[in-house]
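A.B. asks: Have a look at this one before I ask anything.
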Amino acid sequence: MKNFQNKLAEKESPKNKAQIPSVADYMTKDLITFKKDTDINVVIKSLLQNRISGAPVLNDNGQVVGLIDDKDCLNVLFGNAYNRLPTTTDTVSSYMSSVMKSISIDQDIMDVASVFISSPYKRLLVMDDDNKLVGQISRRDILRAIKELS
């Protein structure tokens, strides 16, 4: 088809179609992480100061070995119930969870939303092609994406 300048009309580019944002567009890249031997009181203080609900636990090679979150930390109250003191010298390894779910950085927010809808997870670890941790995405990040897309 020709336009009024007698030139061939360009086909509509795929950029004009609504693009579904990728995980990388909304994930948190600069993560706070902990080691298994980190004092649990340090974790609680960090979660509160940084206004986050959880963080990955890494080994010395930077591989994910678990997660520690606010719910895990509530168990500190029961650790010293005998002394009626909510303080302890325990480490992350005593409280962390090894139940976690990861997704590929190549996935889009629709994939992530589907996982959140069909599971109890509040955050997903984002891994690259070499299975290395590159970020984390939460339910709140998907809500932000919805708001920005509206």
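The values are calculated or read from the model by the stated rules, or taken from the named source; none is laboratory data. Since the model is a prediction, treat every value here as computed from it, not as a measurement. With ideal geometry, Cβ positions are generated from the backbone for all residues, glycine too; neighbour counts draw on all protein chains shown. For accessibility, only protein heavy atoms count, side chains too; no ligands or nucleic acids. Shrake-Rupley method; radii C 1.70, N 1.55, O 1.52, S 1.80 Å.
A.B. asks: Taking 19 Å as the cut-off for C-alpha to C-alpha distance, list the pairs among 45/101; 101/147; 36/71 that go past it.
C.D. replies: The pairs that break the limit, which is 19 Å between Cα atoms, are 45/101; 101/147.
A.B. asks: In addition: Any idea how far apart residue 97 and residue 114 come out in nm if each label point goes 7 Å out from Cα toward Cβ?
C.D. replies: 2.3
A.B. asks: Turning to a different aspect of this structure: Counting heavy atoms of the protein chains only and a 1.4 Å probe, report the per residue accessible area for region 25-128 as a whole number of Å².
C.D. replies: Solvent-accessible surface per residue comes out at 61 Å².
A.B. asks: Another question, if that's okay. Given Cα pairs under 8 Å that are at least 6 residues apart, what percent is the relative contact order of region 16-150?
C.D. replies: Relative contact order, region 16-150: 28 percent.
A.B. asks: Note down the nm distance, to one decimal, between modelled labels 7 Å out along Cα→Cβ at residue 46 and at residue 20.
C.D. replies: The answer from the label model is 3.4 nm.
A.B. asks: Given Cβ point charges of +1 (Lys, Arg) and -1 (Asp, Glu) and nothing else, what value in debye, to the nearest 20, does the dipole of region 33-82 about its Cα centre take?
C.D. replies: That gives a dipole near 120 debye.
A.B. asks: Full extension from residue 39 to residue 132: what is 0.36 nm times the residue separation minus their Cα-Cα distance, to one decimal in nm? Working shown, then result.
C.D. replies: Working: separation 93, 0.36 × 93 = 33.48 nm, distance 2.48 nm.
Taking 0.36 nm per residue and subtracting the Cα distance, the gain is 31.0 nm.
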